[in-house]
């Protein structure tokens, strides 16, 4: 009985005109050329990590196939527009450091990032144009640091970009 109710609910939902996803396939976009991620922030090399994660995430999360620019239905343009870290909790100074010359250790911090995403069709039509934000935290006592936070931020932003292409996320 529950299968019949589920089927009826799905059919009624589909009959109401609701759609799932961005509708890129309906607009003829099945292949995408992936342009190298640009960087307008002061945080160097984070765009390289986003690029690496995004090239792995796109084929897994979306139905879009990667293609050469000359053969693609659209070009994916991504630019890292900002990346900044903030200290949340400062640790104590190292007691073994005579004169306390070293800066206090960061015990907890966060890293925030923003990317601008554009999906431009081969005819020049802009299909998606939006900004995506993410933040990640790191805690030194747990073995996390700014390096691990960078990797997590890059992976999270890549996942959000792929989701933005697949749905109206």
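The values are calculated or read from the model by the stated rules, or taken from the named source; none is laboratory data. All values reported here derive from a predicted model rather than from experimental measurement. Don't worry about glycine lacking a Cβ; one is built from the backbone with ideal geometry, like all the others, and counts go over all protein chains shown.
Points worth noting:
- For residue 49: the one exception among (1) in contact (Cβ under 8 Å) with a residue 24 or more places away in the chain; (2) loosely packed, with under 15 Cβ neighbours inside 10 Å; (3) touching a helix residue (DSSP H, G or I) at 6+ places or on another chain (Cβ under 7 Å): (2)
- Single unsatisfied condition, residue 165 versus (1) touching a helix residue (DSSP H, G or I) at 6+ places or on another chain (Cβ under 9 Å); (2) assigned to a helix (DSSP H, G or I); (3) at pLDDT 95 or above: (3)
- Single match in 148, 140 (criterion: touching a strand residue (DSSP E or B) at 6+ places or on another chain (Cβ under 8 Å), modelled with pLDDT under 95 and either crowded, with 18+ Cβ neighbours inside 10 Å or more than 18 Å from residue 45 (Cα to Cα) (or both)): 140
- Considering region 62-84, and only residues there that are surrounded by 17 or more Cβ atoms within 10 Å (Cβ to Cβ) and modelled with pLDDT under 95, the residue that is farthest from the chain's Cα centre (by Cα) turns out to be 64.
- Taking the numbered list (1) over 14 Å from residue 84 (Cβ atoms); (2) modelled with pLDDT under 95; (3) touching a helix residue (DSSP H, G or I) at 6+ places or on another chain (Cβ under 8 Å) in turn, residue 132 passes all entries but (2).
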